[in-house]
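Please see the structure below; I have some questions.
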Amino acid sequence: MSGAAGGSGGSSCLGAAAAASCSSAGSPYATAAGGGAGVAGRLPVRVLEHIFSYLDLSDLMRCAFVCWQWNNTLADENSEVWRSLCNRTLSDEALRSDILCNLATYKGKLRAYQHALSSHDCSRNVYVKKNGFTLHRNPIAQSTDGARGKIGFSEGRHAWEIWWEGPLGTVAVIGIATKRAVMQCQGYVALLGSDDQSWGWNLVDNNLLHNGEVNGNFPQCNNAPKYQIGERIRVILDMDDKTLAFERGFEFLGVAFRGLPKACLFPAVSAVYGNTEVTMVYLGKPLDG
């Protein structure tokens, strides 16, 4: 099975993704700021944390490149800096419910929010609830409606979990899509996988879909169990190996798609049932083990 590490697992297609992780693997600050010379580089950690706790995410991203000490201070993902920003950014429902229960750090929770389903890149018949993570589909007849995540990926390994909190209806698909994939269509259909711009797993029929065709059953086993409402499915996108895989519980279900294109791919869902809800939480880089 695969767990999830705190890092973002590779570069994303949107510039905002850089703000999700202020720690830098390289040392550009050492050259730009003399490795922390000056008064700012000698401030006590508690003083720095107090100052940083008033800044927003974009400012913290810049601070991480000022000097080694500032970068090191921001590397603690459970520091007062990230706790303060988390409390200011995320809703009370998201922080107090079990939505983010599989994320151990404040910075990880902020990263998940930044990668959540987009309220601006979705069908007009759905909206993201105030918790910032749950998609609600309005009861519109003869329509299939989808949404993409805020950030797509062109390299690295990424994991997120997704679950239905209402009836699935006749079609309920999870997977990935490019920016060109449509997010709404007439009728009740498997929207993800209906063209060459998306790849999906229909949880109702347990089949894989791409380019308008069924690519076989999934999981590939006899009498595969049907999806149960509230069950968290972990999606694992490996842009280095160009594969998409799934887990259920602690069981690795296998690789669903291989040979993915070298493109920017977004987490995506599509639903048909009125008033059903779907929640997605980005976990970070998956860990093998």
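The values are calculated or read from the model by the stated rules, or taken from the named source; none is laboratory data. Source: prediction; values computed, not measured. No Cβ is skipped: glycine too gets one built from the backbone with ideal geometry, and neighbour counts run over all protein chains shown. Note: areas computed on protein heavy atoms with side chains; ligands, DNA, RNA excluded. Shrake-Rupley method; radii C 1.70, N 1.55, O 1.52, S 1.80 Å.
Principal axis lengths of the chain from Cα atoms, whole Å, largest first?
63, 36, 33
At 1.4 Å probe size, with no ligands or nucleic acids counted, give the accessible surface of Asp205 in Å², nearest ten.
Here the residue's solvent-accessible area equals roughly 80 Å².
Right, next: Segment 41-89: D in µm²/s via Stokes-Einstein (Kirkwood Rh, Cα pairs, 4 °C, 1.567 mPa s)?
On the way: Rh = 10.6 Å.
Translational D for this selection: 122 µm²/s.
If you plug each phi of segment 227-233 into the Karplus form 6.51 cos²θ - 1.76 cosθ + 1.60 with θ = phi - 60°, what whole-Hz ³J(HN,Hα) values come out, in order, with x for Gly and Pro?
5, 10, 4, x, 6, 7, 9
Determine how large the accessible area of Arg148 is when every protein chain is in place; take a 1.4 Å probe and give Å² rounded to the nearest 10.
Estimated to the nearest 10 Å², Arg148 gives 10 Å².
Moving on to the next point. For a Förster distance of 51 Å, can you work out the FRET efficiency between the beta-carbons of His136 and His50, rounded to the nearest 0.05?
Working: r = 39 Å, r/R0 = 0.76.
Efficiency computed from Cβ-Cβ geometry: 0.85.
What is the set of long-range amide H partners of Leu287 at a cut-off below 5 Å, with H atoms built 1.01 Å from backbone N?
Residues meeting the criterion, in which the H sits 1.01 Å from N, are Gly3, Ala4, Ala5.
Just from its helices, what would the mean residue ellipticity at 222 nm be for the chain, if runs of 4 or more DSSP H residues each count -39500 (n - 2.57) and the sum is divided by every residue, rounded to the nearest 500 deg cm²/dmol?
-4500 deg cm²/dmol
Also, I was wondering about something else. Using a Gaussian network for the chain with springs between C-alpha atoms less than 10 Å apart, which of these wobbles most: Leu57, Leu253, Leu43?
Top of the fluctuation ranking is Leu43.
Given the options Gly230, Gly152, Gly175, which has the most mean-square fluctuation in a GNM of the chain, springs set between C-alpha atoms less than 10 angstrom apart?
Maximum among the listed residues: Gly230.
Also: State, to one decimal in nm, how far the label point of Arg88 lies from the label point of Thr243, with both points 7 Å from Cα in the Cβ direction.
About 4.2 nm, to one decimal.
Ignoring ligands and nucleic acids, what accessible area does Glu251 show with a 1.4 Å probe (Å², nearest 10)?
Its accessible surface works out to 110 Å², give or take rounding.
Quick one: with all protein chains in place, what share of the accessible area of the chain is carbon or sulfur, to the nearest percent (1.4 Å probe)? The partial results should precede the final answer.
Details: 6510 of 12800 Å².
Roughly 51 percent of what the probe reaches on the chain is carbon or sulfur.
Right, next: Rounded to whole Hz and in sequence order, give me ³J(HN,Hα) for segment 55-60 from the Karplus expression 6.51 cos²θ - 1.76 cosθ + 1.60, θ = phi - 60°, writing x for Gly and Pro.
Running phi through 6.51 cos²θ - 1.76 cosθ + 1.60 with θ = phi - 60° gives 8, 8, 5, 5, 5, 5 Hz.
Okay, next question. For the pairs Lys150/Lys179; Lys242/Lys285; Lys179/Lys226; Lys109/Lys285; Lys242/Lys262, flag any whose C-alpha to C-alpha distance is greater than 18 Å.
Working: Lys150/Lys179 11 Å; Lys242/Lys285 15 Å; Lys179/Lys226 30 Å; Lys109/Lys285 14 Å; Lys242/Lys262 8 Å.
With Cα atoms farther than 18 Å apart: Lys179/Lys226.
Multiply the residue separation of Arg258 and Asn275 by 0.36 nm, subtract the distance between their alpha-carbon atoms, and state the gained length in nm to one decimal.
Gain on stretching Arg258 to Asn275: 2.8 nm.
What distance in nm lies between label points placed 7 Å from Cα along the C-beta direction at Ser58 and Glu231?
With each label placed 7 Å out from Cα toward Cβ, I get 4.3 nm.
Mind giving me the FRET efficiency for Cys101 and Arg42? R0 is 41 Å, r the Cβ-Cβ distance, nearest 0.05 is fine. All intermediate terms of the calculation are to be shown ahead of the outcome.
Working: r = 39 Å, r/R0 = 0.96.
For R0 = 41 Å, the calculated efficiency reads 0.55.
Could you give me the ³J(HN,Hα) list for segment 187-193, computed from phi with Karplus coefficients 6.51, -1.76, 1.60 and θ = phi - 60°, whole Hz, x at Gly and Pro?
After applying 6.51 cos²θ - 1.76 cosθ + 1.60, I find x, 10, 9, 7, 5, 6, x Hz.
When the chain is treated as a GNM, springs tying every alpha-carbon pair under 10 Å, which of Ala94, Ala271, Ala224 comes out with the largest mean-square fluctuation?
Ala224
Answer rounded, prolate or oblate for segment 118-284, using the Cα gyration tensor with square roots of eigenvalues a ≥ b ≥ c: rounded when a/c is under 1.5, else prolate when a/b is larger than b/c, else oblate.
Details: a/c = 1.33, a/b = 1.18, b/c = 1.12.
Here segment 118-284 falls in the rounded category.
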